[in-house]
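The values are calculated or read from the model by the stated rules, or taken from the named source; none is laboratory data. Keep in mind it's a predicted model, so treat the numbers as computed, not measured. All Cβ positions, even for glycine, are placed from backbone atoms using ideal geometry, and neighbour counts span all protein chains on display. Side chains included, ligands, DNA and RNA excluded: accessible areas come from the protein's heavy atoms. Shrake-Rupley method; radii C 1.70, N 1.55, O 1.52, S 1.80 Å.
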Amino acid sequence: MSADSNTFESVKAAVLSAHKSTTSEEKISFYNRWAENYEQDVAVLDYRAPSLAAECISSHFSSAREAALVLDVACGTGLVAKHMKKLGFEHFVGVDGSEVMLGKARQSGLYQDLKQCMLGKEPLPVQGGRFDVVVIVGALSVGNVPISTTRDLCNATKPGGFICMTTRSNQENSEYKAALDSELRKMEEEELWTCLEVTKVKDWERAVSEKEDGYISGVVYLYKKL
């Protein structure tokens, strides 16, 4: 077995162990342990969601990027902010449930403020209607953040601001994605926001489920708050 497959197998085992965590506390404990190797491990998985989300936002954002305030929800170690920084964004507030992940994000020097919050159990610890861009990458999936969080994201955004979200569209996440899509449409019907783009991505990341091989697919959503 090659070193590469050993590396992938070890990452796969780590991710599958997280799926066995059922309580919020167990999830946070897992991410606290994973923080040290997180960026190297998701690189092994060819995890593209942070760059895809950043590029999606960039393609629609026409205002002065250096003045825009970005809320990075479930920010982890700061992968999304790193990609957005390359595209001209400079001001970031990060929120995450894991204190160790937040420590890594703090070391990046990208964030002006970082706050710990158990998404779905606590309200977002930010002022409503303040942010030009709100982004959540990776956390909207089965067993992680409840779908109701989408309303918190919308509430945090300025009128005319952008909300970017991602989710996986593989078999394991199919029921969650269907419920998410339904909620996003309902919020559009309520005239809270309008959909600008839904991008389906075939090669989202390498599959880790025992039921799937190769790459799984995913989706990037971009909405504009009304």
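Tabulated values for the structure
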quantity	calculated
Filter pass, ARG130 being open to solvent by 60 Å² or more (accessible area, probe 1.4 Å), more than 14 Å from CYS75 (Cα to Cα) and modelled with pLDDT of 95 or more	yes
Some residue of the stretch 218-225 being open to solvent by less than 20 Å² (accessible area, probe 1.4 Å), among the hydrophobic types (A, V, I, L, M, F, W, C) and modelled with pLDDT under 95	no
In the stretch 138-151, the residues that are under 17 Å from CYS195 (Cα atoms) and crowded, with 22+ Cβ neighbours inside 10 Å	THR150
Matching entry among ASP46, ASP96 (being open to solvent by less than 60 Å² (accessible area, probe 1.4 Å) and either among the charged types (D, E, K, R) or touching a Gly at 6+ places or on another chain (Cβ under 7 Å) (or both))	ASP96
Which listed residue, of SER51, SER62, SER58, is modelled with pLDDT of 95 or more and open to solvent by 80 Å² or more (accessible area, probe 1.4 Å)	SER62
Residues (of a type in the set (Phe, Trp, Tyr) and farther than 16 Å from ASP46 by Cβ) located in the stretch 202-226	TYR221, TYR223
Test: residue in the stretch 136-147 that is more than 21 Å from GLU25 (Cα to Cα) and over 12 Å from the mean Cα position of the chain (by Cα)	no
Among the candidates THR194, THR166, THR199, residue that is under 30 Å from ALA67 (Cβ atoms), in contact with a Gly (Cβ under 7 Å, 6 or more places away or on another chain) and of a type outside the set (A, V, I, L, M)	THR166
Test for LYS27: is it charged (D, E, K, R) and either closer than 26 Å to PRO159 by Cβ or loosely packed, with under 13 Cβ neighbours inside 10 Å (or both)	no
Some residue of the stretch 160-169 being part of a helix (DSSP H, G or I) and crowded, with 17+ Cβ neighbours inside 10 Å	no
Selected residue (only one of MET165, MET187 is hydrophobic (A, V, I, L, M, F, W, C) and in contact with a Cys (Cβ under 8 Å, 6 or more places away or on another chain))	MET187
